[in-house]
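Take a look at the structure below.
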Amino acid sequence: MAEANGLVEAMKRAARDERESSKPVNVYFGEVISRTPLKINVEQKMVLGESQLVLARNVTDYMTMVTVQWTTEAGALLSDGQTVASPAHVHEIGGARSMMVHNGLEIGDQVILIRQQGGQKFIVADRIGGR
C-alpha cells in the first residue's frame, strides 16, 4: 500500500511540474523595503535579497550620452520680476555629453518582477507608477 501511495505522489509531482513548465513566465509585484542591501517584499509572501535579483537598466542609476539643445523664448525675466527684451536664441552644449540618470530603486517603490522559470532569480523589470 505504501508503494502505491508513493507512486500516486510521484505522479502528482510529475503532473504539477508539467503544468509549471508550460507557464513561460511568472509575474509578481513587490515593494522595495531596503535599499542597501536591496530587499524586495513580494506580494507579502517572501523577501528577496540582492543575490536573487537581476536589475533591468530602468531600475538602476546609469550613465548615458545626450545632446542638449533648447531654444530660449524672447524676453528674459529678471530677479525683480521685470522682463527685458532679448531675442529668441538657441543654446547648445557642445555636442554629445555624458549624463548620469538617477533611476535606482528607493524604499517604497512598487516594482514588477519576472521569475526565472524553474529558478530562484527574479528580474526586476520596472517600477509601477512614477516618482
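The values are calculated or read from the model by the stated rules, or taken from the named source; none is laboratory data. Not measured: the values here are computed from a predicted model. Note: accessible area is taken over every heavy atom of the protein model, side chains too, but ligands, DNA and RNA are not part of it. Shrake-Rupley method; radii C 1.70, N 1.55, O 1.52, S 1.80 Å.
A few points about this structure:
- For the pair residue 10 and residue 117, the difference between a 0.36 nm per residue extended length and the Cα-Cα distance amounts to 36.4 nm.
- Taking all protein chains as they are arranged and a probe of 1.4 Å, the heavy atoms of residue 39 leave approximately 90 Å² accessible to solvent.
- Under the Karplus curve 6.51 cos²θ - 1.76 cosθ + 1.60, θ = phi - 60°, whole-Hz ³J(HN,Hα) for the stretch 109-125, x wherever Gly or Pro sits: 4, 8, 10, 9, 10, 10, 7, 5, 4, x, x, 10, 9, 10, 8, 8, 6
- For residue 46, the accessible surface of its heavy atoms amounts to roughly 70 Å² (probe 1.4 Å, protein chains only, rounded to the nearest 10).
- Rg/Rh for the stretch 86-129, where both radii come from Cα atoms and Rh is the Kirkwood radius: 1.32
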